[in-house]
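Encoded as structure tokens, the structure appears first; notes follow it.
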Amino acid sequence: MTPAPTQPIPVLIGGHADVALRRAAPLDGWMHGGGDPEELDGLIAKLKRFREEAGKTGPFQIHVISADAYTVDGIKKLEDKGVTDAIVGFRIPYISGNDTEPLESKIRNLEMFAENVIAKV
């Protein structure tokens with residue numbers, strides 16, 4: 001890489017299968033792929049168990065896609081679960097085709113999120 005990083009680059013693994021969670025456990029973090037909100041607690045519990053089995057302690061990043069990330073209370077709920085980063089978007093990422101939303105609308109959504117959530121956490 002040019003320029004060379006001045007600090008280590010974290011390695012995060014994504015996926016919900018046990019094999020992916022086990023692969024992430026000894027590294028720097030895990031990336032959630034979205035899905036059923038009821039499954040998140042179980043995935044995080046497995047990650048913690050796999051980290052314990054690997055003898056890992058200390059900092060570990062957990063990045064999630066969650067509807068909870070769109071409110072202050074939801075962010076606090078995610079933090080309580082051990083989530084370090086929330087991935088938010090204002091378009092469903094799995095929709096194919098052209099993005100037809102006007103730029104003004106996108107900017108308005110980001111400004112509202114910044115004002116109502118980011119500024120309060």
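The values are calculated or read from the model by the stated rules, or taken from the named source; none is laboratory data. This one's a predicted model, so the numbers in the text were calculated from it and none came from an experiment. So basically every Cβ, Gly included, is an ideal-geometry build from the backbone, and we count neighbours across all protein chains shown. These area figures cover heavy atoms from the full protein model, side chains too; ligands, DNA and RNA do not enter into them. Shrake-Rupley method; radii C 1.70, N 1.55, O 1.52, S 1.80 Å.
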Select from the stretch 9-40 the residues that are in a loop (DSSP other than H, G, I, E, B) and free of Cβ contacts under 8 Å to residues at least 12 places away in the same chain and list them in ascending order. I9, A17, D36
Being open to solvent by 40 Å² or more (accessible area, probe 1.4 Å), modelled with pLDDT of 95 or more, closer than 22 Å to P10 by Cα and assigned to a loop (DSSP other than H, G, I, E, B) is the filter here, so list the residues in the stretch 60-116 that pass it. T84
All conditions in (1) farther than 27 Å from A24 by Cα; (2) open to solvent by 40 Å² or more (accessible area, probe 1.4 Å) are true of A54 except (1)
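At pLDDT 95 or above, within 17 Å of the chain's Cα centre (by Cα) and among the acidic types (D, E), is that true of D36? Walk me through it before giving the result.
Numbers: at pLDDT 95 or above: no; within 17 Å of the chain's Cα centre (by Cα): yes; among the acidic types (D, E): yes.
Answer is no for this residue.
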